[in-house]
Amino acid sequence: MVSIVVPTYNESSNVLEVCKRVMSAMDGYDFEIIFVDDSTDHTPAVLEDLSHQYSFVKYEHRETEKGLATAVLRGFALAQGDVLAVMDADLQHPPEMLPAMMQGIEEGNADLVIPSRFIPGGDDGGLRWHRKVISAVARYIGKFALKRLRKINDPTSGYFVFRREVIENVTLKPVGWKILIEILARGNYAKVIEIPYKFQMRNAGESKMSLREQWHYIKHIFRLVFSSHEDRRFYVFLLIGLSGVALNLIIYDSLFYFGVNPVLSSALGGALPILNGFIWNDRITWKGDKNEKLLLRATKYVITSLAGVGVSVLAFILFYSVLKVDHLLAQFCGIVIATFWNYTINRLWTWRKKEAFLSDHLTT
């Protein structure tokens, strides 16, 4: 069975059309539509009539709880199917896409299928220009912050289908309106398929987008970052690195002030904070990944960091001597480039077993 979860808020003008189009699209499938309704208009009465008219329609009207995120979770709890789908009630998510989505599950052996607006054949033309800007910003914030979102073209979509196993034994804690990023960040899946689709204009009613929902999205991203060891580790590394950056710039500027050659000042400014960085990264950033002896970890870290100093100096020479950038800005650019070098090599080498490094390398 396929359980199609549809959260509704004042969508009385759309729910009948949703039922008719889903019924037509899903002909031949065993399916149910579950409306979880928070409406303040007469939508519950319409849903009550539909539940009597169509055996595949179920609904629950909530009086004490509101919000799209909790509505979808409640729909999952009510669902009987082994495949779950989520779609909006405003028909911007065309029900006619459901068979192609199911084909990805059945024939493509996917765990999760996402209709995407941002692959060849897709289109987000159903959004006004300011909504497109908001959507793009939200999408790239998520992709930058969370590693598991980076290979997904449309991670903020509200339309998707997945096997129930993806969320079994997973505690979902979504905030706001982007349920998919919660499932992508926390779910258990091996294969995701994206298929192109064209986002439609709203059929009737008003958009639920608001500044409050955008704030909820930012809160959601922060919550997911801090609950993910892999994503949180990078930001902890950056915070520890800030103390090294401050020390680096102080040492460099002091030496430059007293007439030391700028290239030598840059090298000394990068080399001296290494010990500080190893101690804190070993104790905090990679606390649970100490697969080798302390001395070997320290040696690898020093080698990586010294190579990072070389990367920083080369970048400094490029910006200062070749591009004629101000010396402090050139030093800062070198630090940024070296930071990404240091994090990547330390993650793959210093605090990882050899077989894990080879696995990552071969996968990449």
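The values are calculated or read from the model by the stated rules, or taken from the named source; none is laboratory data. All of these numbers come straight from a predicted model, not from anything done at the bench. Because the Cβ atoms are built from the backbone with ideal geometry, glycine has one as well, and the counts that use them run over all protein chains shown. Ligands, DNA and RNA are stripped out before the accessible areas are found, and what is left, the full protein with its side chains, is counted by its heavy atoms. Shrake-Rupley method; radii C 1.70, N 1.55, O 1.52, S 1.80 Å.
Please identify which residues in region 274-291 have an amide N closer than 13 Å to a label point set 7 Å out from the Cα of Lys147, following the Cα→Cβ vector.
Only 286, 289 fall inside the zone, counting backbone N under 13 Å.
Apply the Debye scattering formula to region 71-110, with a single equal point scatterer on each alpha-carbon and no solvent, then give log10 I(q)/I(0) at q = 0.15, 0.27, 0.28, 0.32 Å⁻¹.
Once normalised to I(0) and log-transformed, intensities are -0.44, -1.02, -1.03, -1.05.
So how much accessible area does Glu165 have, in Å² to the nearest 10, using a 1.4 Å probe?
Looks like 100 Å² after rounding.
Bin width 20 Å, alpha-carbon pairs only: give the P(r) of the chain as whole percents, running from 0 to the bin holding the largest distance.
Per 20 Å bin, starting at 0, the Cα pair percentages come out as 25, 43, 25, 7, 0.
Please list, ordered by chain and number, the residues whose modelled amide H lies under 5 Å from the amide H of Ser116; skip anything fewer than 5 residues away on the same chain.
Hits under the 5 Å cutoff: Ile195, Tyr197.
Using 1/(1 + (r/R0)^6) with R0 = 41 angstrom and r between the beta carbons of Ile218 and Leu296, what's the FRET efficiency to the nearest 0.05? Walk me through the numbers on the way to the answer.
Numbers: r = 41 Å, r/R0 = 0.99.
E between Ile218 and Leu296, to the nearest 0.05, is 0.50.
Please compute the length gained on full extension between Val170 and Glu230, using 0.36 nm multiplied by the number of residues separating them and subtracting their Cα-Cα distance.
19.9 nm
Taking 7 Å along the Cα-to-C-beta vector as the label spot, tell me the Leu306-Val133 distance in nanometres, rounded to one decimal.
A separation of 5.1 nm, rounded to one decimal place.
Taking R0 as 56 Å, what FRET efficiency do you get between Thr64 and Ser254 from their Cβ-Cβ distance, rounded to the nearest 0.05?
On the way: r = 62 Å, r/R0 = 1.12.
Efficiency for this residue pair is about 0.35.
Report Arg352's accessible area, 1.4 Å probe, all protein chains in place, as a number in Å² to the nearest 10.
Rounded to the nearest 10, the figure is 60 Å².
About the Cα centre of the chain, how large is the charge dipole given +1 on each Lys and Arg Cβ and -1 on each Asp and Glu Cβ? Please answer in debye to the nearest 20. It would help to have the intermediate numbers written out before the result.
Numbers: 41 positive and 38 negative charges, 390 e Å.
My answer is approximately 1880 debye.
Once R0 is set to 41 Å, what does the formula 1/(1 + (r/R0)^6) return for the Cβ-Cβ distance between Ala77 and Val336, expressed as a FRET efficiency to the nearest 0.05?
Details: r = 46 Å, r/R0 = 1.12.
The value I calculate is 0.35.
Could you pull out which residues in region 8-32 have an amide N less than 20 Å from a spot 7 Å beyond the Cα of Asp49, following the Cα-Cβ vector?
What the label zone holds, given the 20 Å backbone N cut-off, is 8-24.
Could you identify which residue out of Asn153, Asn276, Asn14 has the top mean-square fluctuation in a GNM of the chain using Cα springs shorter than 10 Å?
In the Gaussian network model the winner is Asn276.
How large, in percent, is the carbon and sulfur part of the accessible surface of the chain at a probe radius of 1.4 Å?
Details: 11050 of 18330 Å².
C and S atoms contribute 60 percent here.
Test of understanding: express the Cα radius of gyration of region 217-363 as a ratio to 2.2 N^0.38 Å, with N the residue count. Please list the in-between numbers first.
Details: Rg = 16.6 Å, N = 147, 2.2 N^0.38 = 14.7 Å.
Working it through for region 217-363, the quotient is 1.13.
Per-residue ellipticity at 222 nm for the chain, helices alone: DSSP H runs ≥ 4 residues times -39500 (n - 2.57), over residue total, nearest 500 deg cm²/dmol? Intermediate results must be reported in sequence, preceding the final value.
On the way: 13 runs with 183 residues, N = 364.
Roughly -16000 deg cm²/dmol at 222 nm, from the helical runs in the chain.
I need the semi-axes of the equivalent ellipsoid of region 1-154: take the C-alpha gyration tensor, multiply each eigenvalue by 5, square-root it, list largest first in whole angstrom. Kindly include the intermediate steps, with their values, before the conclusion.
Values: eigenvalues 139, 79, 47 Å².
Those come to 26, 20, 15 Å.
Using a 1.4 Å probe and counting only protein heavy atoms, arrange His216, His42, His93 so the residue with the most accessible area comes first.
Numbers: His216 35, His42 115, His93 5 Å².
The residues order as His42, His216, His93, largest area first.
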